[in-house]
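The values are calculated or read from the model by the stated rules, or taken from the named source; none is laboratory data. Fair warning: this is a prediction, and the values are worked out from it, not measured in the lab. All Cβ positions, glycine included, derive from the backbone under ideal geometry; neighbour counts span all protein chains shown.
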């Protein structure tokens, strides 16, 4: 009798954040740790630090064993919000 093979894997995510530059009006994305997301980000176009983090939507897919499962949700907020925003918890 053969036993099915147990596949284990670890998924690590580096969040992608969107920012807007107040000096040159360009939008850009940066991959950085969650703990760094509120720190000033340098604009790649003009190198200004006058940038603000924008609210964005998350959409990811994980593939394991031949099946693809979508993962999605709203961006920003406190993490307890519904997928459409913070209307339910008012954060």
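On the given criteria, is residue 25 over 16 Å from the mean Cα position of the chain (by Cα) and at pLDDT 85 or above?
yes
Inspect all residues belonging to segment 4-19 and state whether any of them is part of a loop (DSSP other than H, G, I, E, B), modelled with pLDDT of 95 or more and surrounded by 14 or more Cβ atoms within 10 Å (Cβ to Cβ).
No, segment 4-19 has no match at all.
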